Amino acid sequence: MSTPTPEETAPYGSGPATPDRPAAPVKRVRTHHLREMKERGERFSMLTAYEQYAAQTFDEAGIEVLLVGDSASNNVFGNETSLPVTVDELIPLTRAVSRSVRRALVVGDLPFGSYQASPEQAYLTAARFMKEGGAHCVKLEGGVEMVPQIEKLTRGGIPVMAHIGFTPQSEHALGGYRVQGRGDTADRVLTDAHAVQDAGAFAVVMEMVPGDVAGQVTKELTIPTIGIGAGADCDGQVLVWQDAFGLRTGKMARFVKQYADLHATLLQAARDYDADVKAGTFPGPEHTF
Ligand code: KIV
């Protein structure tokens with residue numbers, strides 16, 4: 001047996017350095033680290049990212065997981081829902097993010113219609129995200145009905161993050177944006193959560209699920225849960241970055257907390273630039289050769 005390198009034995013975690021606990025060297029977040037964090041009762045964070053500078057910044061901030069979400073459909077490509085985005089559109093974004101991070105686990109999100117037809121279709125699509133996009137794992141939406149797909153991918157060496165509760169790709173089948181798992185339907189969320197864990201998923205996103213139901217799932221599962229509109233008891237949380245940091249304006253879901261107002265900052269900067277150009281004060285002598 002070979003001796004582990006210091007990198008392999010370094011304590012994992014994003015906590016601050018102390019005299020007794022020096023900062024861990026940059027070490028790639030792996031799927032098993034998330035499970036170990038759950039076992040230690042530590043939370044982790046996940047954000048979407050679709051390009052180089054946001055990805056680098058979130059990686060530098062210590063965000064453990066970056067999701068190149070099919071929400072790029074609305075947040076990059078200008079569509080109204082996540083349905084129209086294609087594999088060919090998402091793979092270059094995934095490649096940009098995976099090339100730009102040193103530490104974060106990069107999740108490629110399988111878009112609508114690219115995996116539901118069969119486990120074979122799912123494998124071929126997921127393999128493209130890994131080979132061409134450089135993703136470290138993939139995410140797909142669905143519970144019990146996705147068991148054959150999750151088994152096929154995990155047996156074939158592709159780690160899977162599942163996504164249950166409200167699944168935006170099924171918006172039309174679910175009758176719109178609605179909390180899932182209220183009252184009698186809580187059992188459905190629990191059944192889906194156990195099914196994806198048993199099929200081999202390494203983590204599960206729960207979207208728009210009552211906090212008590214998400215808390216119960218989190219207690220029952222050994223794999224980490226990641227909440228978006230699923231209360232405070234999940235092992236991790238995820239938000240779409242343009243929502244969380246205020247680049248997108250307009251109506252926001254109740255579960256979004258806004259940490260910055262990037263729209264206002266960018267708008268002012270663009271107006272200042274425009275005014276300088278029109279007044280002839282940019283470029284100045286310091287910008288001129
Ligand atoms: O695509 C996405 O942004 C997502 C998150 C909402 C979890 O699936």
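The values are calculated or read from the model by the stated rules, or taken from the named source; none is laboratory data. Computed from a prediction, not measured in an experiment: that's the story for all the values here. A quick note on method: Cβ atoms are made from the backbone with ideal geometry, for glycine too, and the neighbour counts reach across all protein chains shown.
Table: residues versus (1) more than 16 Å from the ligand (Cβ to nearest atom); (2) out of contact with any helix residue (DSSP H, G or I) (no Cβ under 6 Å at 6 or more places or on another chain); (3) more than 23 Å from ALA203 (Cβ to Cβ); (4) at pLDDT 95 or above.
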{"site": "ALA17", "(1), (2), (3), (4)": "yes, yes, yes, no"}
{"site": "ALA24", "(1), (2), (3), (4)": "yes, yes, no, no"}
{"site": "ARG40", "(1), (2), (3), (4)": "yes, yes, no, yes"}
{"site": "ASP70", "(1), (2), (3), (4)": "no, yes, no, yes"}
{"site": "ASN74", "(1), (2), (3), (4)": "no, yes, yes, yes"}
Within region 151-179, restricting to residues that are β-branched (Val, Ile, Thr) and more than 16 Å from the ligand (Cβ to nearest atom), the one that is surrounded by the most Cβ atoms within 10 Å (Cβ to Cβ) is ILE158
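Would you call LEU110 among the hydrophobic types (A, V, I, L, M, F, W, C) and out of contact with any Cys (no Cβ under 8 Å at 6 or more places or on another chain)?
On the way: among the hydrophobic types (A, V, I, L, M, F, W, C): yes; out of contact with any Cys (no Cβ under 8 Å at 6 or more places or on another chain): yes.
Criteria met by LEU110.
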Just wondering, is there one or more residues in region 185-192 that are out of contact with any helix residue (DSSP H, G or I) (no Cβ under 7 Å at 6 or more places or on another chain), in contact (Cβ under 8 Å) with a residue 40 or more places away in the chain and either of a type in the set (Phe, Trp, Tyr) or more than 16 Å from the ligand (Cβ to nearest atom) (or both)? yes
Picked from region 250-286 (must be more than 30 Å from the chain's Cα centre (by Cα) and surrounded by 12 or more Cβ atoms within 10 Å (Cβ to Cβ)), the residue nearest to GLN237 (Cα to Cα) is ASP276
Check region 217-228 and report whether any residue there is more than 13 Å from the chain's Cα centre (by Cα), closer than 21 Å to GLU64 by Cα and within 11 Å of the ligand (Cβ to nearest atom). no
Of those in region 33-51 that are over 13 Å from GLY236 (Cβ atoms) and in contact (Cβ under 8 Å) with a residue 40 or more places away in the chain, the residue surrounded by the fewest Cβ atoms within 10 Å (Cβ to Cβ) is GLU51
* Go through the residues of region 135-151 one by one and say whether even a single one is among the basic types (Lys, Arg) and under 19 Å from the mean Cα position of the chain (by Cα). => yes
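For the structure I just gave you, tell me whether ALA199 is touching a Cys at 6+ places or on another chain (Cβ under 6 Å) and among the small types (Gly, Ala, Ser).
No.
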Within region 99-110, residues being buried (at least 22 other Cβ atoms within 10 Å of the Cβ) and more than 11 Å from the ligand (Cβ to nearest atom) number 4
